[in-house]
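The values are calculated or read from the model by the stated rules, or taken from the named source; none is laboratory data. Note that this is a predicted model, so its numbers are computed, not measured. Note that we place each Cβ from the backbone using ideal geometry, even for glycine, and neighbour counts take in every protein chain shown. Ligands, DNA and RNA are stripped out before the accessible areas are found, and what is left, the full protein with its side chains, is counted by its heavy atoms. Shrake-Rupley method; radii C 1.70, N 1.55, O 1.52, S 1.80 Å.
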Amino acid sequence: MTIKHEVPSYLTQHGIGPWGDYLEQIDRVTPYLGNLARWVETMKRPKRMLIVDVPIERDDGTIAHFEGYRVQHNTSRGPGKGGVRFHQDVTLSEVMALSAWMTVKNAAVNVPYGGAKGGIRVDPKTLSQGELQRMTRRYTSEINIIIGPNKDIPAPDVNTNEQIMAWMMDTYSMNQGSTASGVVTGKPISLGGSLGRREATGRGVFVVGCEAAVKRGLNIHGAKVAVQGFGNVGGIAARLFSEAGAKVVAVQDHISTVVRSSGLDVAALQAHVNETGSVAGFKGGEEISDRAQFWAVDCDILVPAALEQQITVENAPSIRAKIILEGANGPTSPAADDILHEKGVLVVPDVIANAGGVTVSYFEWVQDFSSFFWTEDEINLRLTRIMREAFAAVWQLAEEKKVSLRTAAFIVACTRVLQAREMRGLYP
Ligand code: GLU
């Protein structure tokens, strides 16, 4: 049986934005999927997308409206899973791509989830704490009909944190009349959060970074590392690399770029960022004004850990790193990927490199269901094992098929998702 389909216009922005990048990645993997390629259209169509109006009363008595989204890209292997992002540039198309990358990521590291993502188009810095809480609660209430511990489990992402998760958990619980800690992950420890969750994404980046360094014959001790983004992912990864003896030679955030060829004092930089909100004005390094120069910094390991679409055909030729660890989701465009591949740069793709976060989210969810909590050592050990095994499997497949690590990760993931899809069969 062949499946006929008209493609709706919002799904076909090939080459445009993050969703366009994702479609290109799926096209690149399709020739390796054998008979499962028959189902590949599944990967190109999110299962369910909800756009919600989020009205709040502002502190000054006026009413503000925000646009919110929750996209469940796929649930073939389990409930939807993925973060919620508060950012002024959030669009439906971006959330679609982020939800699809969650499907691929969850399958690549083999946690029993589909993929989902949410977001609100807002700059949270323009809101008071009270406004932020009201917006979060109203958004949660609006998406309440499609989330739940067995349906779709949100988590932190850009500009969302443990406090936001606590409000989401409380709002969902109030609506249903009993406390449901498993409805979100990345919660405060006191509400059923997991030890090690806050650091998990950065730790996972570090773990696969060490594996990649071994493959490239690079010693982490003394290696030069450049990090874009100094939040929950980049900040933790920078700290772990520097604790392992690497030199963090450049850090860029949304405001400024600081460099120091002998290595920045990461703890002092973190203290400065906690105090001022940015790396700008940090005295322990030199600030450079041309943001584009960051990409040409002399380094061995480059960690894009901010937003998508950062490494492009414009800056890829100037990159000097031997290894790129994608802490962010979707930081590299497919065309830039080709340039890096030709230059011999080893790119550890987002769907492996930043999967530590959702892996410990999975541990949190399991702990909540069993009401039995693990030690931080147990969590970090299990996380490290999963990350190493996923990296090794993808590495081996990449060698066998002579493809990039990204294509190999997509082969592993799409095979798992589409096998589940095929075995479940079409209903009715
Ligand atoms: N937002 C994180 C990601 O992009 C974590 C998602 C989760 O823990 O569900 O992977």
Q: Would you check which residues across region 177-198 are out of contact with any helix residue (DSSP H, G or I) (no Cβ under 6 Å at 6 or more places or on another chain) and without any contact (Cβ under 8 Å) to a residue 24 or more places away in the chain and list them?
A: 177, 178, 189, 190
Q. Under 8 Å by Cβ, and 6 or more places apart or on different chains, what pairs join a residue from region 266-287 that is part of a loop (DSSP other than H, G, I, E, B) with one that is among the polar types (S, T, N, Q) and at pLDDT 95 or above?
A. 278/256; 279/252; 279/256; 279/257; 280/256; 281/256
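Check whether at least one residue in region 97-107 is farther than 14 Å from residue 43 by Cα and surrounded by 18 or more Cβ atoms within 10 Å (Cβ to Cβ), and report yes or no.
So in region 97-107, the residues farther than 14 Å from residue 43 by Cα come out as none.
No, region 97-107 contains no residue that is farther than 14 Å from residue 43 by Cα and surrounded by 18 or more Cβ atoms within 10 Å (Cβ to Cβ).
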Q) Can you find a residue in region 125-142 that is crowded, with 16+ Cβ neighbours inside 10 Å, under 24 Å from residue 114 (Cβ atoms) and aliphatic (A, V, I, L, M)? A) no
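Tell me the helices (runs of 4 or more DSSP H) entirely within region 345-411 that contain at least 1 residues that are modelled with pLDDT of 95 or more and open to solvent by 10 Å² or more (accessible area, probe 1.4 Å).
On the way: elements: 350-353, 356-370, 376-401.
Correct list: 356-370, 376-401.
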Q) Restricting the search to region 182-203, which residues are among the hydroxyl-bearing types (Ser, Thr, Tyr) and surrounded by fewer than 20 Cβ atoms within 10 Å (Cβ to Cβ)? A) 190
**Q.** Number of the exception - residue 208 against (1) open to solvent by less than 30 Å² (accessible area, probe 1.4 Å); (2) in a helix (DSSP H, G or I); (3) over 23 Å from residue 81 (Cα atoms)
**A.** (3)
Q) Does any residue of region 308-323 turn out to be within 16 Å of the ligand (Cβ to nearest atom), among the β-branched types (Val, Ile, Thr), open to solvent by 20 Å² or more (accessible area, probe 1.4 Å) and more than 27 Å from residue 244 (Cα to Cα)? A) no
Q | Close pairs (7 angstrom Cβ cut-off, 6 or more residues apart or separate chains): within 12 Å of the ligand (Cβ to nearest atom) in region 77-91, of a type in the set (Lys, Arg) and at pLDDT 95 or above anywhere | A | 79/151; 80/151; 82/117; 83/117
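Quick one: is residue 128 of a type outside the set (Lys, Arg) and out of contact with any Asp or Glu (no Cβ under 7 Å at 6 or more places or on another chain)? Don't jump to the end; show me each part of the working.
Values: of a type outside the set (Lys, Arg): yes; out of contact with any Asp or Glu (no Cβ under 7 Å at 6 or more places or on another chain): no.
No: the conditions fail for residue 128.
Take the residues in region 110-124 that are open to solvent by 10 Å² or more (accessible area, probe 1.4 Å) and more than 24 Å from residue 64 (Cβ to Cβ), then tell me which one is farthest from the ligand (Cβ to nearest atom).
To start, the set of residues in region 110-124 that are open to solvent by 10 Å² or more (accessible area, probe 1.4 Å) comprises 110, 112, 121, 123-124.
If we keep only those that are more than 24 Å from residue 64 (Cβ to Cβ) too, we end up with 110, 112.
Details: 110: 15, 112: 13 Å.
Filtering first and then ranking leaves 110.
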Q: Mind listing just one residue for me: the one in region 148-162 that is open to solvent by 60 Å² or more (accessible area, probe 1.4 Å) and within 20 Å of residue 367 (Cβ to Cβ) and, of those, nearest to the ligand (Cβ to nearest atom)?
A: 161
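Filter region 212-229 down to the residues that are part of a loop (DSSP other than H, G, I, E, B) and touching a residue at least 12 places away in the same chain (Cβ under 8 Å), then identify the one that is surrounded by the most Cβ atoms within 10 Å (Cβ to Cβ).
Our first condition is that a residue be part of a loop (DSSP other than H, G, I, E, B); within region 212-229, this holds for 217-223, 229.
From what is left, the residues that are touching a residue at least 12 places away in the same chain (Cβ under 8 Å) are 218, 220-223, 229.
Values: 218: 19, 220: 18, 221: 10, 222: 11, 223: 22, 229: 24.
Among residues in region 212-229 that are part of a loop (DSSP other than H, G, I, E, B) and touching a residue at least 12 places away in the same chain (Cβ under 8 Å), the one surrounded by the most Cβ atoms within 10 Å (Cβ to Cβ) is 229.
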